[in-house]
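Read-outs: derived from the displayed coordinates by stated rules, not from any lab. A quick note: this is a predicted structure, and the numbers were derived from the prediction, not measured. Glycine also receives a Cβ, built like all others from the backbone with ideal geometry; neighbour counts cover every protein chain displayed.
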Amino acid sequence: MAKKDLTDLRKKRKEEQRRADDRFTWRVLGVMLFLAVWTFLLYRFNWPAHLYVIPSGAAVLYLLAYIYPKDFTALAVFVSGGAVGLWLLTLLYQRSGRWNTLAHILFAAAIALSALLFWLLKKRGGAVCLGKRTVSIIPRRGRYLFLFIACGVMAASLAISAVLGRSGALYGMIALFCYLFVAAVYYTVKLI
């Protein structure tokens, strides 16, 4: 390759990197603006305090998608969704015992369907076909074992919450977040 071609290639790559950095900066600023507006609305209109956590958690997951691989992002979204489900069960335990069985059955079905989806993704190389377009959700060589273990931890948390009630659901949430922390440490070490 000629020296001029190599210089042009380096300039092109630097320009592409600068554009990617600019897009990331604008996205981060957008997330921060959203959090500021959400917090102002919560404070101004005296909404329940637990609504502070939802946009903050979504923003953290959004920013994690830029740092970690797609398989960890999928794991974080799945575990966070399971924790929100367990939290909703704790609210249900406070209100009435009439819908508990139905909620547990629906939650167990959601866990089973998630495990089936992860198995299908593993079989198809992490991609889903939407019409003529193929969308890659998890990399071809992603770590699917973490997702299957998360399904097991979530099923165990659901069983414990069925036996112990509200305190079991809270312990299940703690177990899910501890598992997510262990997975985050593993992926962080893999990044280094």
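Points worth noting:
- With the helix formula -39500 (n - 2.57) applied to DSSP H stretches of n ≥ 4, the chain reaches a computed 222 nm mean residue ellipticity of -28500 deg cm²/dmol.
- Selection from 20, 7, 32, by position along the positive dipole direction of the range 1-67 (Cβ): 7
- Amide H contacts of residue 137 (H built 1.01 Å from N, under 5 Å, at least 5 apart or other chain): 127, 128
- For the range 1-67, size of Cβ-based charge dipole, Lys and Arg +1, Asp and Glu -1, in debye: 400 debye
- The charge dipole of the range 68-192, taken about its Cα centre with unit charges on the Cβ atoms of Lys, Arg (+1), Asp and Glu (-1) only, comes to about 500 debye.
- A straight chain from residue 166 to residue 52 at 0.36 nm per residue would run longer than the Cα-Cα distance by 38.9 nm.
- Taking θ as phi - 60° and the Karplus parameters 6.51, -1.76 and 1.60, the scalar couplings of the range 164-178 work out to 8, x, 4, 5, x, 5, 5, 5, x, 4, 4, 4, 5, 6, 5 Hz in sequence order, x denoting glycine and proline.
- The label-point distance for residue 37 and residue 191, in a model that sets each label 7 Å from Cα toward Cβ, rounds to 2.8 nm.
- DSSP-assigned coil residues among trypsin sites (Lys or Arg not before Pro) in the range 69-139, each with at most 16 further Cβ atoms within 10 Å: 98, 124, 132
- Local charge for residue 17 was computed over the other residues whose Cβ lies under 12 Å away, with Lys and Arg +1 and Asp and Glu -1, and equals +4.
- The alpha carbon radius of gyration of the range 1-67, expressed as a multiple of 2.2 N^0.38 Å, is 1.80.
- Cα gyration tensor category, rounded, prolate or oblate, for the range 68-192 with a/c compared to 1.5: oblate
- Helix 3-45 axis, angle to the chain major axis (alpha carbon atoms, nearest 10°): 30 degrees
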